[in-house]
Each structure stands twice: as structure tokens, then as C-alpha cells.
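S.K.: There's a structure below that I have some questions on.
The values are calculated or read from the model by the stated rules, or taken from the named source; none is laboratory data. Keep in mind that this is a model prediction, so the values were computed, not measured. Cβ placement follows ideal geometry from the backbone for every residue including glycine, while neighbour counts extend to all protein chains displayed.
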Amino acid sequence: MDVREQEGKELARCLHDDFGQMIAAIQLKVMLSRQLCQEHRCNEAMAAIDEVHGMTGGLIDAVREQLRKLRHGHLETVGLVEAIRALIGDWRHSTGINIIFSKHGFDGAISESSETVLYRVVQESLTNIVRHANANHVEVELQRTGDQIRLEISDNGCGFDLDAMPAGMGLVGMRERVQAMDGLFQIFSEPGKGTTVICQLSTGQK
């Protein structure tokens, strides 16, 4: 399965499972709120409405996250470096985190599949940092040596125990994407010492 086909299946799963379940839960909660209002149980109805408000906020955040993921389509027009710059600018603006991007020996001549995987690793890593790391400084470095590209993303956040890796961080998906390209994927982290993600791929160009 190529990268685009895999991503299409992931998007379909997200739309059907995640968004579908969230919308169904909101519908049920709205119906409950209506019933409580009809029964003049105002305090319970207000509590249910507050829950609906929180659930819709979560749905909006989830939709925005998927839109961020879909925006990688401009890779085809601007290339990996500019796409990463745009992504970092978006995160920097929305979170206030100081994110530094640097590149070395990089001319942009890499395969489309390698570009997509590298972009996804940056995207997922930044998402994890914002959600879990409580960091205020992040460095993203892209380096090319011969036909190999090395991506390193490090933060000064809270870190975590690798033997008790938190769920919901998308690390398995990142590893699978990279390994499907015969690449190297490593994570280094300790509680209180931040996290570093390293990805190395072939450029796919000779």
C-alpha cells in the first residue's frame, strides 16, 4: 500500500469512526437536554447543554486537526522545505511556542513519497508537543547527506518514560510510515528532559 492510499484510508476511518461517533454523541445529548427541559429539570438540562458545548468544541478541534493534515497537498507546489516552514508558522502563531527550523545541504530533490512521510512526521510531532509536552521551545532540523535525509525534532518539554509510552500520541503510525519506506525512526525521551524524534529516509533520487 502506498503512502497516499494509506492516508486515504486513515482519513476515511477518521470521518466514519471519530467524527461519526462524536456527532452521534452530540445528537443524543441534545435529545436528552430537550427531554429534561420538557420535564422542567432545568439544572440537569443546563448541565447537559454545557456538555454539548464542550463536545462541539472538541469536534471543532478535531476538524481543524484534519484540515491541517489535508493541507499537506501544497507539498506538490511549494516543496517540502516551504511546506514545513508554513506548518511551523501556523503552529507558532496559534500556540506561541518558539519553533526553530533549520536545513543543511538540502536541495529539495527527493521523491514525493519521502516528502509526504517527512512532512507527516513533522506534523504529528508538533501535534504531540502541543498536546502533551508543555514545551516552549522546539527545534526542527532537516539535513541531507548524499542520498539520505535526516529529520530531527526536539523539544524542552516534560518528556515521558519510553517504557510507559502514552496512548494517543500517534507514534506507532509515524514509525509504521517510516519503516514502510525502509527508513529509520527513533524516539529519545525521559521524564523532565524533553523528547527528540529522529527520522532518516532515502531521498528516492539517485
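S.K.: Among the residues of region 132-167, how many are in a loop (DSSP other than H, G, I, E, B) and surrounded by 17 or more Cβ atoms within 10 Å (Cβ to Cβ)?
M.R.: Qualifying residue count for the region: 5.
S.K.: Turning to a different aspect of this structure: Working only within region 135-177, note down all residues that are under 17 Å from the mean Cα position of the chain (by Cα) and under 14 Å from Thr203 (Cβ atoms).
M.R.: Hit for region 135-177 is Leu151, nothing else.
S.K.: While we're looking at this one, here's another question. Could you figure out which of (1) in the same structural domain as Glu141 (by TED's automatic domain parsing); (2) at pLDDT below 85; (3) basic (Lys, Arg) isn't true of Arg64?
M.R.: (1)
S.K.: Name every residue in region 185-206 that is of a type in the set (Ser, Thr, Tyr) and over 16 Å from Glu115 (Cβ atoms), in order of residue number.
M.R.: Scanning region 185-206 gives Ser189, Thr195, Thr196.
S.K.: Let me ask something else about it. Which condition breaks for Cys199 when tested against (1) out of contact with any strand residue (DSSP E or B) (no Cβ under 9 Å at 6 or more places or on another chain); (2) farther than 20 Å from Val78 by Cβ?
M.R.: The number of the failed condition is (1).
S.K.: OK, next. Check Glu139, Glu124 and return the single one that is assigned by TED's automatic domain parsing to the domain that holds Gly194, closer than 17 Å to Lys193 by Cα and among the acidic types (Asp, Glu).
M.R.: Glu139
S.K.: Just to be sure, is Cys199 closer than 23 Å to Asn98 by Cβ and in a loop (DSSP other than H, G, I, E, B)?
M.R.: No.
S.K.: Working carefully through the options Glu44, Glu82, Glu51, Glu5, find the one that is surrounded by 13 or more Cβ atoms within 10 Å (Cβ to Cβ) and either modelled with pLDDT under 80 or closer than 30 Å to Ile110 by Cβ (or both).
M.R.: One residue alone meets the criteria, Glu82.
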